[in-house]
1. Give the residue that is farthest from the chain's Cα centre (by Cα), with candidates limited to residues of the range 9-51 that are in contact (Cβ under 8 Å) with a residue 60 or more places away in the chain and in a helix (DSSP H, G or I).
2. Please go through the range 77-133 and give me each residue that is more than 19 Å from ILE54 (Cβ to Cβ), touching a helix residue (DSSP H, G or I) at 6+ places or on another chain (Cβ under 8 Å) and not in a loop (DSSP other than H, G, I, E, B), ordered by number.
3. Can you find a residue that is closer than 30 Å to TYR133 by Cα, touching an Asp or Glu at 6+ places or on another chain (Cβ under 9 Å) and either among the β-branched types (Val, Ile, Thr) or open to solvent by less than 80 Å² (accessible area, probe 1.4 Å) (or both) anywhere in the range 48-68?
4. List pairs: first residue in the range 83-112 and under 23 Å from ILE40 (Cα atoms), second residue open to solvent by 30 Å² or more (accessible area, probe 1.4 Å) and among the aromatic types (Phe, Trp, Tyr) anywhere in the structure, Cβ distance under 7 angstrom, at least six positions apart or on different chains.
5. Looking at the structure I just gave you, is ILE71 among the β-branched types (Val, Ile, Thr) and either within 25 Å of GLU10 (Cα to Cα) or under 31 Å from the mean Cα position of the chain (by Cα) (or both)?
6. Determine whether ASP72 is surrounded by fewer than 11 Cβ atoms within 10 Å (Cβ to Cβ) and in contact (Cβ under 8 Å) with a residue 40 or more places away in the chain.
7. Count, please, the residues in the range 123-163 that happen to be at pLDDT below 85 and among the polar types (S, T, N, Q).
8. Just to be sure I understand, how many residues within the range 100-133 are aromatic (Phe, Trp, Tyr) and surrounded by fewer than 13 Cβ atoms within 10 Å (Cβ to Cβ)?
Amino acid sequence: MKHYKFYTREFGISDIGIHLLRNNFNYNTINFKDITSLEIGRGKLIRNWIFVFIFGISLIAFSIYYAFVLIDVLNDPSTRKIYIEELMVPVLPALLGGFCIYSSRRNGIVIKIEHNGKKSSYSLEDIIKNNQYEDFVDYLVFNVKVYSKIKLINNHSKLASIE
C-alpha cells in the first residue's frame with residue numbers, strides 16, 4: 001500500500017483521512033474533519049468479543065455434556081462397538097471453545113474513532129510490530145488535532161490528553 005502513510009489489515013491513513021480496508025481495498029473513508037473523537041488505548045482486539053466468548057462457553061458446555069453421555073455409553077454392558085468418531089466429538093468442540101475464549105479475552109492497543117455519531121475500534125498490532133507507533137501517534141496529533149479531541153495512552157500506561 002504505497003499511498004498510505006500507515007496501514008494495517010483493517011485501515012490505512014493518508015493525508016485525506018482514515019481509509020477502512022477490506023482485502024487491501026478501500027471501502028470507506030473517514031475524513032479527518034469528520035472525526036469528533038479519537039482515542040488510542042487498551043481494548044479488545046476483536047469486535048463482538050462477547051458473542052465469541054459465549055460461543056466458546058457453549059462449545060465447552062456441549063463437550064462436557066457429551067463426555068458424560070459418552071461415559072454412560074461406555075459403562076453400558078450392552079454396548080458392543082464404539083467408533084473413534086464418537087470419542088472425538090467432545091474433544092474438537094472443547095478445543096474450538098478454548099480457542100474462542102482465548103481470542104475473545106485478548107487485549108491490546110487499539111484506536112477508537114468516533115465520527116458522525118458512529119463509534120468504531122481498530123487494532124494497532126501491525127503498526128506496533130513494524131515499530132511505527134511513535135511516528136503514527138505524531139502524525140495523528142499533527143493532522144487531527146485541529147478538528148477533534150485526541151486521547152493517547154503511551155507505552156508507560158499514562159493517559160495524556162491533547163486538545
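The values are calculated or read from the model by the stated rules, or taken from the named source; none is laboratory data. In this text the structure is predicted, and so the values were computed from the model without any measurement. No Cβ is skipped: glycine too gets one built from the backbone with ideal geometry, and neighbour counts run over all protein chains shown. Protein only, heavy atoms only, side chains kept; ligands, DNA and RNA dropped before computing areas. Shrake-Rupley method; radii C 1.70, N 1.55, O 1.52, S 1.80 Å.
1. LYS33
2. Selection gives GLU86, LEU87, VAL91, GLY108, ILE109, HIS115, ILE127, TYR133.
3. Within the range 48-68 (the criterion being closer than 30 Å to TYR133 by Cα, touching an Asp or Glu at 6+ places or on another chain (Cβ under 9 Å) and either among the β-branched types (Val, Ile, Thr) or open to solvent by less than 80 Å² (accessible area, probe 1.4 Å) (or both)), the answer is no, since none of the residues qualifies.
4. Every condition considered, the pairs that remain are SER104/TRP49; SER104/PHE53.
5. No: the conditions fail for ILE71.
6. So ASP72 does not fit the description; no.
7. Residues meeting the conditions: 6.
8. Number of matching residues: 1.
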